Every structure is written in C-alpha cells, then in structure tokens.
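The structure appears below as structure tokens.
The values are calculated or read from the model by the stated rules, or taken from the named source; none is laboratory data. Please read these numbers as outputs of a predicted model, since none were measured by experiment. All Cβ positions, even for glycine, are placed from backbone atoms using ideal geometry, and neighbour counts span all protein chains on display.
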C-alpha cells in the first residue's frame, strides 16, 4: 500500500534514538510520505531538519495551543524564515485546546487568529488542532478567513455535521488510529458518510496508537491500520483508501 502519514511527531525526543530505523522500515513497507509537524519554534526547526534530510519526509511550522503562552515576535520571524524551505508544506499545528488549557484560553484565541493570518501571508494551508473547542475553532477560522488556502482538521473528533461544514470551507478531515477503537462510533459515522475525497489518514505518532499496537509507541508505519479500518467502514480495500488519501495529501500539501 502506498501510504501517506499526514500528521506525525517524528521530530519529538521519543524518536531521537532510532528515527533512522523507524523511517527505513516505513519506507521499505511502501510509505510514500510522512509529514513532521511543528509544535513550537525548536520543534519546527527539528521538523525541517528531518524533512531536508529525508526525500519523502515533509514538515510544517507553527506553535501548538499548549505552547502559545510562550510565543514571541522573534519566534514568529523564525517560523516565517523556516517556511522558505521547499520541504515546508503547511503551517501548524495551530488551534485551540480547551481540554488541557496549558495556555490561557484568551491567549490561545489571540494567537490562533494571529497564526491563521501568518499562514495566509505565507500562502500555506493550515493544520488545525481542536480539542473541546469545536464552536470556537470553527468561528475563528471563518472570521479570520483561515480557509483561504485550505487545510486539515487534524485528529477530527467532531460529528458529521461539523465535518461537512469544514469540507464546505475547503478543508479535509484527518482520521487517526482512534478509528480502530470499537467504541468510537461518532468518528465511524463521519468516516462512513464523508467521501474518500475529503479524508486523510494520520498516526499523530507517538500518540493514539491503533489496535493491534494500542499501549505501545505509535510510528508512521502503523497508519496502515487506519487505512484498513476506514476501508472496512466504507466497503473498500485498504489499498484503495491508501491510494486515495495519498493523492488527497499531495493535493492539500501541494506536493507534486
């Protein structure tokens, strides 16, 4: 299967000791692309470094809602400079997280709007994080014109109505390993009802490890289990899901 992991954190320290081996076995198994996601300035630098080393790895730059309390103007200038790399394909992971609230809510809202405008300035699609803030994220994206270059709702946790509203704005919906969990019926309904044209697959590794490896460190290769679960829900082969979501990722990220 020609898999494409649209959202990974292979730039995190948990992969530092064996990243080369992780990537080698992923590519040996047919992985055609992996996106390393930036969550702060240092993390974004590392993502770009990895992407520039590996031909089938791409990067994003941005500041995660957990980290925006530390955001500075000089940091944003660094991110803008990093975005000059040909391997940077989106701006993110940005958004709101009202579950953890590691940054004050008012700061999250202010910096989310700011980063949507930076992404527009850079003419990059956005990678959106939304946890327990569905209404707020959607309204800010609409009010800031954050859909003008498209983007991805990462690790989608809303219902079909919200997913459909995002598709109408030009976004795609990214599905992680949680789709393999039996109790995740709301996400299963989203997958069944959306067109494959509107879906991506991701690992969010090292988090959200799918069945049958749940409880262990996730890695890009395990995105195959997401493809298999989606295929089962939609009556398609995993290979068809892999091919279609690969093509969707290339389209959204502007990868030739």
Task: Qualifying positions in the range 139-152 - under 17 Å from the mean Cα position of the chain (by Cα) and either farther than 22 Å from residue 89 by Cα or surrounded by 23 or more Cβ atoms within 10 Å (Cβ to Cβ) (or both) - done: 141, 146, 151, 152
Task: Matching strands (runs of 3 or more DSSP E) fully within the range 40-148 where at least 3 residues are within 20 Å of residue 220 (Cβ to Cβ) - done: 57-61, 88-97
Open item on the list: Restricting to the range 153-177, count the residues that are surrounded by fewer than 22 Cβ atoms within 10 Å (Cβ to Cβ) and closer than 18 Å to residue 91 by Cβ.
Closed with: 2
TODO: Give the residue that is farthest from the chain's Cα centre (by Cα), with candidates limited to residues of the range 207-233 that are touching a residue at least 60 places away in the same chain (Cβ under 8 Å) and surrounded by fewer than 18 Cβ atoms within 10 Å (Cβ to Cβ).
DONE: 217
- [ ] Give the residue, chosen from 60, 32, that is more than 21 Å from residue 117 (Cα to Cα), in contact (Cβ under 8 Å) with a residue 40 or more places away in the chain and either surrounded by fewer than 21 Cβ atoms within 10 Å (Cβ to Cβ) or in contact with a strand residue (DSSP E or B) (Cβ under 9 Å, 6 or more places away or on another chain) (or both).
- [x] 32
Open item on the list: I'd like to check something: does the range 94-109 contain any residue that is surrounded by 16 or more Cβ atoms within 10 Å (Cβ to Cβ), out of contact with any helix residue (DSSP H, G or I) (no Cβ under 8 Å at 6 or more places or on another chain) and closer than 25 Å to residue 148 by Cα?
Closed with: no
Open item on the list: Looking at the range 178-192 only, could you name the residues that are surrounded by fewer than 17 Cβ atoms within 10 Å (Cβ to Cβ) and modelled with pLDDT of 95 or more?
Closed with: 181, 185, 186, 189, 192
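Residue-wise test of (1) surrounded by fewer than 16 Cβ atoms within 10 Å (Cβ to Cβ); (2) in contact with a strand residue (DSSP E or B) (Cβ under 9 Å, 6 or more places away or on another chain); (3) within 20 Å of residue 248 (Cα to Cα); (4) touching a residue at least 60 places away in the same chain (Cβ under 8 Å).
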position	(1), (2), (3), (4)
6	no, yes, yes, yes
21	yes, no, no, no
38	no, yes, no, no
54	no, yes, no, no
65	no, yes, no, yes
